[in-house]
Amino acid sequence: MPKRNTSDVIVVGAGVIGAACAYYAARAGLSVTVIDRGPVAGGTTGAGEGNLLVSDKEPGPELELALLSTGLWQELAELLPPQIEYEPKGGLVVASGEAGMRALRDFAAGQEKAGVRAEEVPADRLNDLEPHLAPGLAGGFHYPQDAQVMPALAAAHLLRAGGGRVCLRLGEEVTGLLTTADGSVRGVRTVAGDMHAPYVVNAAGTWGGELARLAGVELPVLPRRGFVLVTEPLPRVVRHKVYSADYVADVASGSAALQTSAVVEGTPAGPVLIGASRERVGFDATLSTEVVRRLAAQATALFPVLAGVRAMRTYAGFRPYLPDHLPAIGHDPRVPGLLHACGHEGAGIGLAPATGLLIARCLDGREPPLDLGPFRPGRFDAAA
């Protein structure tokens, strides 16, 4: 990837969102510089499970974005190398009792009207899908559109697929934005020097609020910490992404308090990934033994076979949380030339292709495939 100081657009952030923005902008014929103070996928992307989900999203703008991304990920899986581990394995949401099943039915009915495929699975058929599930569950719903990728490799290969139009600059922190007399963005200042472009895309993830402040605007992105447990490699004991009905409520919650709900999935390499926890504790990455205990207990309650399995490691990540649970995508009306592509919380890997395509449409002036209104970056202003 060639080094250069001038391009059509600068993307700040080399996670999967920034990589997708760069890829689709390059496909639109633009030259792109991607800059990051760390390595590719060194932030939230590298700490993610790689979920590509529609199952956890209620009807509305985020689900529309997820459905668009589902099709785009299928296209990318044909284009990118198999190392991204794209696996259209589907999701299975289970309920422990009849009240939970009624809630899942209502939720799925609304999703189906919006284009999601959801198939009810009665209690006596759950083991057809997941032979090692615990007995006594009331049933569940199968979501065949859910999938998974290896997120860090997906980001790296998206950047590579941009070809010569994408210049990657790592280890260079952005310290300021270059502007004209009228306040329009004209590039970025970094520890290594200035880089020039008429457009700058804020794809800085959990640090998107900090980059916005460099431009003199507020974007209330907050970190929401989560942990993942990784087991020793196993035969394929978990076939789908499996989670309890409580997970949907946790995703939609704005609480700062600790929330955990079992999310269990196997990987092509063998380890089982166990989540999910959510809490707002700033950027404190200290290992929480309480979270680990809860996740292990909830996972073994769903899959008793995991009780005798070793957890090899655990890691923390920070989801970029915005108060209304929708990302900021598109032009910032307060700063000409600044665009945002951040605030996706825990759904960024799944929503990356649609976000990248929408940003490319903002840059090339072509009609976007869906309404950008709900994602407008200025919506948090008091006057918005």
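The values are calculated or read from the model by the stated rules, or taken from the named source; none is laboratory data. In this text, all values refer to a predicted model and were calculated from it rather than measured experimentally. Neighbour counts run over all protein chains shown; Cβ positions are idealised from the backbone, glycine included. Calculation scope for accessible area: heavy atoms of the full protein, side chains included, ligands and nucleic acids excluded. Shrake-Rupley method; radii C 1.70, N 1.55, O 1.52, S 1.80 Å.
Does residue 164 fit the bill of being within 17 Å of residue 19 (Cβ to Cβ), open to solvent by 30 Å² or more (accessible area, probe 1.4 Å), over 25 Å from the mean Cα position of the chain (by Cα) and of a type outside the set (A, V, I, L, M)?
Numbers: within 17 Å of residue 19 (Cβ to Cβ): yes; open to solvent by 30 Å² or more (accessible area, probe 1.4 Å): yes; over 25 Å from the mean Cα position of the chain (by Cα): yes; of a type outside the set (A, V, I, L, M): yes.
Against the criterion (within 17 Å of residue 19 (Cβ to Cβ), open to solvent by 30 Å² or more (accessible area, probe 1.4 Å), over 25 Å from the mean Cα position of the chain (by Cα) and of a type outside the set (A, V, I, L, M)), residue 164 qualifies.
The residues in the range 126-144 that are surrounded by fewer than 16 Cβ atoms within 10 Å (Cβ to Cβ) and closer than 14 Å to residue 90 by Cβ can be counted, and the count is 1.
Where in the range 186-247 are the strands (runs of 3 or more DSSP E), entirely inside, with at least 2 residues that are of a type in the set (Ser, Thr, Tyr), over 21 Å from residue 293 (Cβ atoms) and under 21 Å from the mean Cα position of the chain (by Cα)? Full working, then the answer.
On the way: elements: 193-196, 199-202, 222-231, 241-244.
In the range 186-247, no matching strands (runs of 3 or more DSSP E) lie anywhere.
Restricting attention to the range 167-196 and to residues that are touching a helix residue (DSSP H, G or I) at 6+ places or on another chain (Cβ under 7 Å) and either among the β-branched types (Val, Ile, Thr) or touching a residue at least 40 places away in the same chain (Cβ under 8 Å) (or both), the residue that is farthest from residue 17 (Cα to Cα) turns out to be 177.
Residue under question is residue 181, and the condition is that it be modelled with pLDDT under 95, over 25 Å from the mean Cα position of the chain (by Cα) and either surrounded by fewer than 23 Cβ atoms within 10 Å (Cβ to Cβ) or assigned to a loop (DSSP other than H, G, I, E, B) (or both); does it hold? Write out each step before concluding.
Working: modelled with pLDDT under 95: yes; over 25 Å from the mean Cα position of the chain (by Cα): yes; either surrounded by fewer than 23 Cβ atoms within 10 Å (Cβ to Cβ) or assigned to a loop (DSSP other than H, G, I, E, B) (or both): yes.
Against the criterion (modelled with pLDDT under 95, over 25 Å from the mean Cα position of the chain (by Cα) and either surrounded by fewer than 23 Cβ atoms within 10 Å (Cβ to Cβ) or assigned to a loop (DSSP other than H, G, I, E, B) (or both)), residue 181 qualifies.
Taken over the range 149-161, the criterion of being part of a loop (DSSP other than H, G, I, E, B) and open to solvent by less than 10 Å² (accessible area, probe 1.4 Å) is satisfied by 149 alone. Going by the conditions given, is residue 203 in contact with a Phe, Trp or Tyr (Cβ under 7 Å, 6 or more places away or on another chain), modelled with pLDDT of 95 or more and among the small types (Gly, Ala, Ser)? For residue 203, the condition - in contact with a Phe, Trp or Tyr (Cβ under 7 Å, 6 or more places away or on another chain), modelled with pLDDT of 95 or more and among the small types (Gly, Ala, Ser) - is not met. A search for C-beta distances below 6 Å between a residue of the range 99-124 that is under 18 Å from residue 60 (Cβ atoms) and any residue that is part of a helix (DSSP H, G or I), counting only pairs 6+ apart in sequence or on different chains, returns 114/63; 115/67; 118/108; 118/111; 118/112. Remark: residue 122 falls outside the filter, which requires a residue to be touching a helix residue (DSSP H, G or I) at 6+ places or on another chain (Cβ under 8 Å) and exposed (fewer than 14 other Cβ atoms within 10 Å of the Cβ).
Those residues that are in contact (Cβ under 8 Å) with a residue 60 or more places away in the chain and polar (S, T, N, Q), I need them from the range 125-158; list them, please. Those that are in contact (Cβ under 8 Å) with a residue 60 or more places away in the chain and polar (S, T, N, Q): 145, 148.
Check the range 73-84 and report whether any residue there is of a type in the set (A, V, I, L, M, F, W, C), open to solvent by 40 Å² or more (accessible area, probe 1.4 Å) and touching a residue at least 40 places away in the same chain (Cβ under 8 Å). Yes, because at least one residue in the range 73-84 is of a type in the set (A, V, I, L, M, F, W, C), open to solvent by 40 Å² or more (accessible area, probe 1.4 Å) and touching a residue at least 40 places away in the same chain (Cβ under 8 Å).
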